[in-house]
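Trainee: Here it is, the structure, as structure tokens.
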Amino acid sequence: MAASEPKITRADLEGKLKTLQNDIQGTADRNKSTLATYAAIASGVVVIVAFAFGRRSGRKRRSVLEIRR
């Protein structure tokens, strides 16, 4: 072991963790609006696909009724 290695103090660890946390928080804040946009688009696509499949299955099950006089 070398005697010249500095010891890591609690303040050093806290400073690095706060820096890391602030960096992650900034990234999350920037991406929050993008994520909300993608979620809205995805939910719209799901609704449209569900409507299309529901309509398609309704046509398959629909009976044809002929009335003659």
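The values are calculated or read from the model by the stated rules, or taken from the named source; none is laboratory data. Remember, predicted model here, so these are calculated numbers, not experimental data. Virtual Cβ from ideal backbone geometry, glycine too; neighbours counted across all protein chains shown.
Trainee: When you scan the stretch 7-16, do you find a residue that is part of a helix (DSSP H, G or I) and surrounded by fewer than 10 Cβ atoms within 10 Å (Cβ to Cβ), even just one?
Mentor: yes
Trainee: Also, quick follow-up: What residue, among those in the stretch 5-39 that are modelled with pLDDT under 90 and of a type in the set (Asp, Glu), is nearest to the chain's Cα centre (by Cα)?
Mentor: Among those that are modelled with pLDDT under 90 and of a type in the set (Asp, Glu), it is Asp29.
Trainee: Can you find a residue that is at pLDDT below 85, surrounded by 10 or more Cβ atoms within 10 Å (Cβ to Cβ) and under 22 Å from the mean Cα position of the chain (by Cα) anywhere in the stretch 47-69?
Mentor: Within the stretch 47-69, not a single residue is at pLDDT below 85, surrounded by 10 or more Cβ atoms within 10 Å (Cβ to Cβ) and under 22 Å from the mean Cα position of the chain (by Cα).
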